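Each remark here refers to the structure printed beneath this line.
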Amino acid sequence: MPYTVHQAKTQFSRLLKEAEAGKEVVVMRGKKPIAKIVGIEPAPSRKDLAGAYARKVYWGDDAFDPLTDEELVQMGMGYLLEVPLLPGPKKSKRK
């Protein structure tokens with residue numbers, strides 16, 4: 001609904017309530033529209049975002065099994081075969 005600048009200034013709280021209710025409020029200067037007041041959608045919560053992917057992510061029973069040496073090489077991680085994954089025990093200097 002269009003309002004003049006004067007009406008918008010005097011009834012600003014009401015215009016905000018209209019925008020919040022989903023209506024589009026247009027402010028006019030004479031016959032020329034100069035501004036539009038619209039409500040803002042609330043940002044989705046983290047819980048809503050996580051729920052958007054529910055039942056869309058899946059994996060097989062072997063998804064967390066260790067990779068074979070051939071699979072490591074195919075994935076470009078063959079360098080892991082050449083170095084020990086865990087350092088050996090440190091030698092103490094006490095005697």
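Tell me which of A21, V57, P2 sits at the most positive position along the dipole axis of the chain, charges placed on C-beta atoms (Lys, Arg +1; Asp, Glu -1).
Selected residue: P2.
Would you pull out the residues with amide H under 5 Å of M28's amide H, same chain only if 5 or more places away, H placed 1.01 Å from N?
Excluding prolines and chain starts, which carry no amide H, the hits are Y3, T4, V5, I34.
Whole-Hz ³J(HN,Hα) for each residue in the range 12-25, computed from phi via Karplus 6.51 cos²θ - 1.76 cosθ + 1.60 with θ = phi - 60°, x for glycine and proline: what do you get?
Here the 3J(HN,Hα) series is 4, 4, 5, 5, 5, 5, 5, 5, 5, 7, x, 7, 9, 10 Hz.
Based on the Cβ-Cβ distance of M77 and R46, what FRET efficiency does E = 1/(1 + (r/R0)^6) give at R0 = 30 Å, to the nearest 0.05?
Working: r = 32 Å, r/R0 = 1.07.
It comes out at approximately 0.40.
Step through the residues of the range 57-73 one at a time and calculate ³J(HN,Hα) from phi using the Karplus curve (6.51 cos²θ - 1.76 cosθ + 1.60, θ = phi - 60°), rounding each to whole Hz and writing x for Gly and Pro.
Result, rounded to whole Hz: 9, 8, 8, x, 5, 9, 4, 10, 6, x, 7, 7, 4, 5, 5, 4, 5.
Residues with beta-carbon under 14 Å from that of R29, excluding R29: net charge, scoring Lys, Arg +1 and Asp, Glu -1?
Working: positive: K9, K31, K32, K36; negative: none.
For residues surrounding R29, the net value is +4.
Only helical DSSP H runs with n ≥ 4 go in: add -39500 (n - 2.57) per run for the chain, normalise by residue count and round the 222 nm mean residue ellipticity to 500 deg cm²/dmol. Can you show the working numbers first?
Values: 4 runs with 28 residues, N = 95.
It lands at -7500 deg cm²/dmol.
Residue separation times 0.36 nm, minus the C-alpha to C-alpha distance between T4 and D61: what's the value? Mind showing how you got there, number by number?
Numbers: separation 57, 0.36 × 57 = 20.52 nm, distance 6.55 nm.
Between T4 and D61, full extension yields 14.0 nm more.
Read-outs: derived from the displayed coordinates by stated rules, not from any lab. Note that the coordinates shown come from a computational prediction; the quantities given were computed from them, not determined experimentally. We place every Cβ from the backbone using ideal geometry, glycine too, and count neighbours over all the protein chains shown.
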